[in-house]
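Notes to accompany the following structure.
Please treat every number below as a calculation from the coordinates, not as lab data. Only a predicted model underlies this, so the values are computations on that prediction, with no experimental measurement involved. Note: ideal-geometry Cβ built from the backbone for every residue, glycine included; neighbour counts use all protein chains shown.
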Amino acid sequence: MKNFKGRDIIDIKDLSKEEILFVLKTAKRFDPEFVKKDRSNYEIAQGKIAGLLFFEPSTRTEQSFRAAAQKIGMGIIGFNDPESTSIHKGESFKDTIRIIDSYADVLILRHPQGGSAKEAAEVAEIPVINAGDGPNQHPTQTLLDLYTILKEAGKLDGITVALMGDLKYGRTVHALSLALSRFKVKQIFISHPKLKMPDEFTAILKSREVEYEEFDHLPQKFEADFLYQTRVQKERFGDLNEYKKIKDKFILDASFRKYLDQGVKLMHPLPRINEIDPTLDSHQNAIYFKQARNGLYVREALLALVLGRL
Ligand code: CP
């Protein structure tokens, strides 16, 4: 498959099932669990520059992209504090993108506004990778989530995945639900009624004849292969009193261990605040830190692919 070179990665919906599977297969080439000798990776993109523009805070996405770029031999430019740039003097978003476009070979953008990655891609000639645009999309997170599910379950068809927490504002669950809908996956949604999966996404699931169920509590008889827990997104609430009323309703405390013992694998895009009890971390089926590590391999693969180096 050769059509990744020069391509923008803006929305998971832009990738076909075959393309998603190709990225996941490529990520295995960077994963020490599958490839013991990875030193050749350091030369794949030598001489290329990644421009990382982070207008919104990030730990995993920014640092794993920085690590991924360097692991395949790239240099890095960019910022994570726009106030330290000429944006502070009033320079526009588009002009900022134009400038980085002339210095870098791929642009990685995190921004609080939905649609900003698309806007950047319209201006930039180099490939733009959306590293999270407001409540909209975070396609590299989706790819690493799928990679984790595939690695743990050995398949993407014939499994059940439950998504829990903030299904209204959580861009990770929107995109993951859509991506899973390309496979034979039963989906379970668990959230406060005010944070339900939006109709625009369930409408797509219906049109694709995806089996799904919705609950306003964790069901007593809970059967799923994966539970994907999420943080209630304080920064997306207009009314903070509403946030305070809802934020602690869907916490997984130590009693969730019984489900982990039964084989449910617990994922979370992180950061977590208090929605997973840290005493669960040591359980082999609490896989959120492994999930974050997988982001490195997926991002190495994506960078190499859009640069045409694989
Ligand atoms: N999961 C994720 O996007 O984390 P960061 O916000 O820390 O990048």
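At a glance:
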{"quantity": "Residue order, fewest to most surrounding Cβ atoms within 10 angstrom, among LEU266, LEU53, LEU156", "calculated": "LEU156, LEU266, LEU53"}
{"quantity": "Helix-only [θ]222 nm of the chain, DSSP H runs n ≥ 4, -39500 (n - 2.57) each, per residue, nearest 500", "calculated": "-10500 deg cm²/dmol"}
{"quantity": "Those GluC sites (Glu not before Pro) in the range 213-310 that DSSP places in a loop and that have at most 11 other beta carbons within 10 Å", "calculated": "none"}
{"quantity": "Loop-located GluC sites (Glu not before Pro) in the range 61-151 whose Cβ has at most 16 other Cβ within 10 Å (DSSP)", "calculated": "GLU91, GLU125"}
{"quantity": "Dipole-positive endmost among ASN285, PRO193, ALA104 within the chain (Cβ charges, Cα centre)", "calculated": "ASN285"}
{"quantity": "Counted charge near PHE183, where neighbours are those whose Cβ lies closer than 10 Å (Asp, Glu -1; Lys, Arg +1)", "calculated": "+3"}
{"quantity": "Residues LEU107, LEU15, sorted so that the one with the fewest Cβ neighbours within 10 Å comes first", "calculated": "LEU15, LEU107"}
{"quantity": "Relative contact order of the chain, defined on C-alpha pairs under 8 angstrom at six or more residues apart (%)", "calculated": "22 percent"}
{"quantity": "Using a Förster distance of 45 Å, the FRET efficiency for LYS244-LYS221 (Cβ separation, nearest 0.05)", "calculated": "0.90"}
{"quantity": "Among HIS192, HIS88, HIS138: highest mean-square fluctuation, GNM of the chain, C-alpha pairs under 10 Å", "calculated": "HIS88"}
{"quantity": "Estimated dipole of the range 139-291 in Debye, rounded to 20 [Cβ of Lys and Arg +1, of Asp and Glu -1, Cα centre]", "calculated": "200 debye"}
{"quantity": "Length-normalised contact order for the range 139-291 - Cα pairs under 8 Å, 6+ apart - percent", "calculated": "24 percent"}
{"quantity": "GNM result for the chain, Cα springs below 10 Å: residue of GLY154, GLY295, GLY114 fluctuating most strongly", "calculated": "GLY154"}
{"quantity": "Least to most buried among LYS13, LYS168 (fewest other Cβ within 10 Å first)", "calculated": "LYS13, LYS168"}
{"quantity": "Per-residue ³J(HN,Hα) for the range 219-235, Karplus 6.51 cos²θ - 1.76 cosθ + 1.60, θ = phi - 60°, Hz, x for Gly and Pro", "calculated": "x, 3, 9, 9, 10, 7, 7, 9, 10, 9, 8, 9, 7, 6, 7, 3, 5"}
{"quantity": "Cα-Cα over 31 Å, subset of LYS13/LYS194; LYS184/LYS258; LYS36/LYS94", "calculated": "LYS36/LYS94"}
{"quantity": "GNM result for the chain, Cα springs below 10 Å: residue of ILE159, ILE99, ILE129 fluctuating most strongly", "calculated": "ILE99"}
{"quantity": "Under the span-like rule (Cα at least 24 Å along the axis, Kyte-Doolittle mean at least 1.6), DSSP H helices of the chain", "calculated": "none"}
